[in-house]
Amino acid sequence: MEKNLAENSGKAEDMNTGDNTTNSPAAPEPEDNKLDAKTDGEGEKAADSDHAEGDQDPKEEEKKEEEEEETAEAPPDSPPPNLEKVSEDIDKLLATQQHNADANKKEVTTFDTPNFIPIFLQLVEEKMKRYETNEAKLGENAEEKSSFLECVNRISKLMKHFSEYAQSHQEEDQEENKDKVKGKTDLIINGLGALQQRAMSFLEDEFRSLMEESRNQAKPAEQNQNQKGKQQQVAESSEPESPAEMVTDFPGLPEETVTKLSKIAKEMITGGYGKECCHVYALSRRHAFEDGMHKLLGYEKLSIDEVQKMQWEPLEREIPLWINTWKECTSVWFPGEWRLAESVFGEEKEQDSSLSTNNIAASLFANLSRGIMIQLLNFAESVAMTKRASEKLFKFLDMYETLRDVIPDMESLFPADDGEIKAETTSAKCRLGEAAVLIFCDLENSIKSETGKTPVAGGAVHPLTRYIMNYLRLACEYKDTLEEVFKEHSKMERADSTSRPQYEDTKPNNNNKQKENVSPFAAQLMRVMELLDTNLEGKAKLYKEVPLSCIFMMNNGRYIVQKIKGSTEIYEVMGETWCRKRSTELRTYHKNYQVETWSKILSSLSPKGLNENGKVHKPVLKERFKSFNAAFEEIHKTQSAWVVYDEQLQSELRVSISALVIPAYRSFLGRFSQYLDPGRQTVKYIKYQAEDVETCIDELFDGNPHGRR
């Protein structure tokens, strides 16, 4: 190769001095003629000498002209060089060199430097100038773009081969040719490098432009489709069906654009500019992804400090948006990003050690997905760290379920991840689960802290009962999730007796087998119910009237039982035995109420003490009627103001009272009313007929303090 480079170098020098040799001989002057010219100093002699030399070298001059004709690839009068023809010559040269290199792997095959290489570089540079000055456009047609990319590919291959040659022959060149060959090789490499750098910079701009144009084109249709009713949809439901239908083709780049991006990426990577190409791609896709999360899904990026400072109301509105964004990203957007990365970069390899993996598509997708996932997980952990409050339980469980459902698919969703994303997701899920456990256990404190000394008017259902039962009903809609959460944290709960309940001490029922099989969540739920019962018993003692305290316990007990029977989840946890026990307690309160309220009434209607020597003692009879009237009026006036909202319980109470009082009153009236004088005495002492008593009983417990007569 040293010989070839030297010969070609000489040829190039001859071509460069061609203009000067047109009017003068090509051979150098002999040394003796130079001495004669200097000695004589005569112009004519010198001219004669020159003329003599011209006469002596005609053959040599013809020989030089023949050599120049053989060396020149394109004579001056030939048509302008054609890029297509020169490209074919380049391809032949590269194919030959590759074949020779494959045949001799120990040594890089030498390169000749034919003149069509500079011509090729000049033509490519002219093409690029037309692009840069907007005289022509790269994307005008597919053939034009393909031709330019092929030229860039040839430049990269030439650069590679010349660089390999320069490195492998750095110490092998002969000393006398070393500087000359090295200088010429460096000149070629520098020219190729400068042109390659310009071409790659141009391709980088084109790559960026294609991605930005596609990103902008994808926005309007999707955004207009989603903009109307987006907030309403998210607020009503966190279900991902509608958003998923909206962006099923995410990221929505046209197939033609993806093909162009793939071709440009391939050439940039081949030319050693993969890092620049990846940087443009990563930056553009990150911006497009985050922009879509905000504009299409309504998700706003919040820092940990911002979340911590937010009031619960606005934060609560952000959680459904987060859930929807998470589901959309994991089910549609991330798979779409992976397909796009594979389509653009395919199986291209980059030997740059700065990349974490040789597979560029996997590396780019991993970096993008990791950044987005960490952003979303930071929000989840920030929410879990906010101050605990009972109303937060359900949103925490929603977020817990959202994370839990994705974890099994993490490996297929992020194939290039080393487990970091899965570990971070599991950690965030556990934080939310722990927060949910603590919030649910705080129900105990809510019950214990309710120490109000003012009884509820009319013996109605206490607000604490309504709150706890409605809360439990909603919580048990997440029964399976709560069972899971409590099982995960049961060991920690047993270890920390100060803030966690001791399940071993809980006695949910008398069945030892059931007690052994009860789950941690069921045990905690039963403990809450026991605390609620204890609290209600204390509040019942605040009533001065024993019958009213019985009504209070019946109201609250019936409300609790109805809520439990109305919720399949709570009923499964509490069991049939617990419900039967509570129903028995309600019947006991019912009987106590009857005894405390109506025993005096019934004693007035007793025939005992009215007969004396077979005769009815009228003063005693009159006193009995007066006593009944006074007691019944008082009961009617007082208990008509009492409240029993449950219609079934209200009906049961009225029916039982009627069954107890009316038959006794009707019998007493029928037996003894005849002993009163008709007229004035009858009106004075017999104020109620049996039907009147029944009507008054039907007016009890309706919350009307005046009653109706």
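Would you tally the residues in the range 676-688 being open to solvent by 70 Å² or more (accessible area, probe 1.4 Å), in contact with a helix residue (DSSP H, G or I) (Cβ under 6 Å, 6 or more places away or on another chain) and part of a helix (DSSP H, G or I)?
Final tally of qualifying residues: 0.
Can you confirm whether the range 630-639 contains a residue that is within 60 Å of the chain's Cα centre (by Cα) and either part of a helix (DSSP H, G or I) or hydroxyl-bearing (S, T, Y) (or both)?
For the range 630-639, residues within 60 Å of the chain's Cα centre (by Cα) and either part of a helix (DSSP H, G or I) or hydroxyl-bearing (S, T, Y) (or both): present.
Yes or no: the range 395-418 includes at least one residue that is in contact with a strand residue (DSSP E or B) (Cβ under 6 Å, 6 or more places away or on another chain), part of a helix (DSSP H, G or I) and surrounded by fewer than 22 Cβ atoms within 10 Å (Cβ to Cβ). If you could, list the steps in order and put the result at the bottom.
Here is the first cut: in the range 395-418, the residues in contact with a strand residue (DSSP E or B) (Cβ under 6 Å, 6 or more places away or on another chain) are none.
The answer is no, given that none of the residues of the range 395-418 is in contact with a strand residue (DSSP E or B) (Cβ under 6 Å, 6 or more places away or on another chain), part of a helix (DSSP H, G or I) and surrounded by fewer than 22 Cβ atoms within 10 Å (Cβ to Cβ).
Out of T386, T425, T465, report the one residue that is among the hydroxyl-bearing types (S, T, Y), under 23 Å from the mean Cα position of the chain (by Cα) and surrounded by 19 or more Cβ atoms within 10 Å (Cβ to Cβ). Give the steps one after another, and end with the answer.
Working: T386 fails: surrounded by 19 or more Cβ atoms within 10 Å (Cβ to Cβ); T465 fails: under 23 Å from the mean Cα position of the chain (by Cα).
It is T425.
If a residue has to be open to solvent by less than 70 Å² (accessible area, probe 1.4 Å), modelled with pLDDT of 65 or more and in contact with a Ser or Thr (Cβ under 9 Å, 6 or more places away or on another chain) to count, how many in the range 97-122 make the cut?
The number of residues fulfilling the criteria is 4.
Give me the pairs, please: first residue somewhere in the range 274-291 and among the polar types (S, T, N, Q), second residue anywhere and assigned to a helix (DSSP H, G or I), beta-carbon distance under 6 Å, and either six or more positions apart or on two chains.
Qualifying pairs under 6 Å: S284/M211.
Going residue by residue through the range 631-642, is there one that turns out to be open to solvent by less than 30 Å² (accessible area, probe 1.4 Å), within 15 Å of I551 (Cα to Cα) and touching a strand residue (DSSP E or B) at 6+ places or on another chain (Cβ under 8 Å)?
Within the range 631-642, one or more residues are open to solvent by less than 30 Å² (accessible area, probe 1.4 Å), within 15 Å of I551 (Cα to Cα) and touching a strand residue (DSSP E or B) at 6+ places or on another chain (Cβ under 8 Å).
Mind checking whether some residue in the range 437-448 is outside the structural domain of S390 (by TED's automatic domain parsing), of a type in the set (V, I, T), open to solvent by 70 Å² or more (accessible area, probe 1.4 Å) and more than 23 Å from W326 (Cα to Cα)?
Checked against the condition, which is being outside the structural domain of S390 (by TED's automatic domain parsing), of a type in the set (V, I, T), open to solvent by 70 Å² or more (accessible area, probe 1.4 Å) and more than 23 Å from W326 (Cα to Cα), the range 437-448 yields no hits at all.
Considering the range 617-627 alone, what residues qualify as being assigned to a helix (DSSP H, G or I) and farther than 15 Å from V683 by Cβ? Walk me through it before giving the result.
At the first step, the residues of the range 617-627 found to be assigned to a helix (DSSP H, G or I) are 618-627.
Listed by number, the residues that qualify are K618, P619, V620, L621, E623, R624, S627.
State all residues of the range 521-548 that are over 53 Å from the mean Cα position of the chain (by Cα) and of a type in the set (S, T, Y); if no residue qualifies, say none.
If the condition is that a residue be over 53 Å from the mean Cα position of the chain (by Cα) and of a type in the set (S, T, Y), then Y543 is the only one that fits.
Pairs under 7 Å by beta carbon, first residue within 17 Å of P607 (Cα to Cα) in the range 667-695, partner open to solvent by 40 Å² or more (accessible area, probe 1.4 Å) and of a type in the set (D, E, K, R), six or more apart or different chains?
Y675/K618; Y685/K622; Y685/K626
Out of the helices (runs of 4 or more DSSP H) lying entirely within the range 490-603, which hold 1 or more residues that are open to solvent by 30 Å² or more (accessible area, probe 1.4 Å) and at pLDDT 90 or above?
520-540, 546-566
Which of the numbered conditions does A288 fail, given that it passes all the others? Conditions: (1) more than 30 Å from K263 (Cβ to Cβ); (2) buried (at least 17 other Cβ atoms within 10 Å of the Cβ).
The number of the failed condition is (1).
So which residues in the range 653-686 are among the basic types (K, R) and more than 28 Å from H590 (Cβ to Cβ)? Quick ask: steps written out before the conclusion?
From the range 653-686, those among the basic types (K, R) are 654, 666, 671, 680, 684; that's our starting set.
Listed by number, the residues that qualify are R671, R680, K684.
Residue-wise test of (1) over 30 Å from Q562 (Cβ atoms); (2) over 60 Å from the mean Cα position of the chain (by Cα); (3) at pLDDT below 95.
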position: K608; (1), (2), (3): yes, yes, yes
position: N613; (1), (2), (3): yes, yes, yes
position: F625; (1), (2), (3): yes, yes, yes
position: Y645; (1), (2), (3): no, no, yes
position: L660; (1), (2), (3): no, yes, yes
position: T682; (1), (2), (3): yes, yes, yes
position: D692; (1), (2), (3): yes, yes, yes
position: R708; (1), (2), (3): no, yes, yes
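Taking the range 362-379 only, how many residues are surrounded by 17 or more Cβ atoms within 10 Å (Cβ to Cβ) and either without any contact (Cβ under 8 Å) to a residue 40 or more places away in the chain or hydrophobic (A, V, I, L, M, F, W, C) (or both)?
Here the count works out to 10.
Listed here are the residues, each with its yes/no results for (1) under 23 Å from I304 (Cβ atoms); (2) β-branched (V, I, T); (3) touching a residue at least 12 places away in the same chain (Cβ under 8 Å).
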position: E381; (1), (2), (3): yes, no, yes
position: R388; (1), (2), (3): yes, no, yes
position: E401; (1), (2), (3): yes, no, yes
position: D418; (1), (2), (3): no, no, no
position: T425; (1), (2), (3): yes, yes, yes
position: L438; (1), (2), (3): yes, no, yes
position: I447; (1), (2), (3): no, yes, yes
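Do we find that P335 is assigned to a helix (DSSP H, G or I) and without any contact (Cβ under 8 Å) to a residue 24 or more places away in the chain in this structure?
Working: assigned to a helix (DSSP H, G or I): yes; without any contact (Cβ under 8 Å) to a residue 24 or more places away in the chain: no.
Here the answer is no, as P335 does not meet what is asked.
Which residues, taken from the range 301-331, are within 12 Å of the chain's Cα centre (by Cα) and either in a loop (DSSP other than H, G, I, E, B) or touching a residue at least 60 places away in the same chain (Cβ under 8 Å) (or both)?
Looking only at the range 301-331, we keep the residues that are within 12 Å of the chain's Cα centre (by Cα), and these are 301, 319-331.
Scanning the range 301-331 gives K301, I319, P320, L321, W322, I323, N324, W326, K327, E328, T330, S331.
Taking the conditions exactly as written (in contact with a Phe, Trp or Tyr (Cβ under 7 Å, 6 or more places away or on another chain) and either open to solvent by less than 40 Å² (accessible area, probe 1.4 Å) or under 24 Å from P520 (Cβ atoms) (or both)), does V616 satisfy them or not?
yes
Just one of the numbered conditions (1) out of contact with any strand residue (DSSP E or B) (no Cβ under 9 Å at 6 or more places or on another chain); (2) assigned to a helix (DSSP H, G or I); (3) open to solvent by 10 Å² or more (accessible area, probe 1.4 Å); (4) small (G, A, S) is not true of G452; which one?
All conditions are met except number (2).
The values are calculated or read from the model by the stated rules, or taken from the named source; none is laboratory data. Predicted model, so just to flag it, every value in this text is computed and none were measured. Every residue, glycine among them, receives a Cβ derived from its backbone with ideal geometry; neighbour counts consider all protein chains shown. The accessibility values were calculated without ligands, DNA or RNA, using every heavy atom of the protein model including side chains. Shrake-Rupley method; radii C 1.70, N 1.55, O 1.52, S 1.80 Å.
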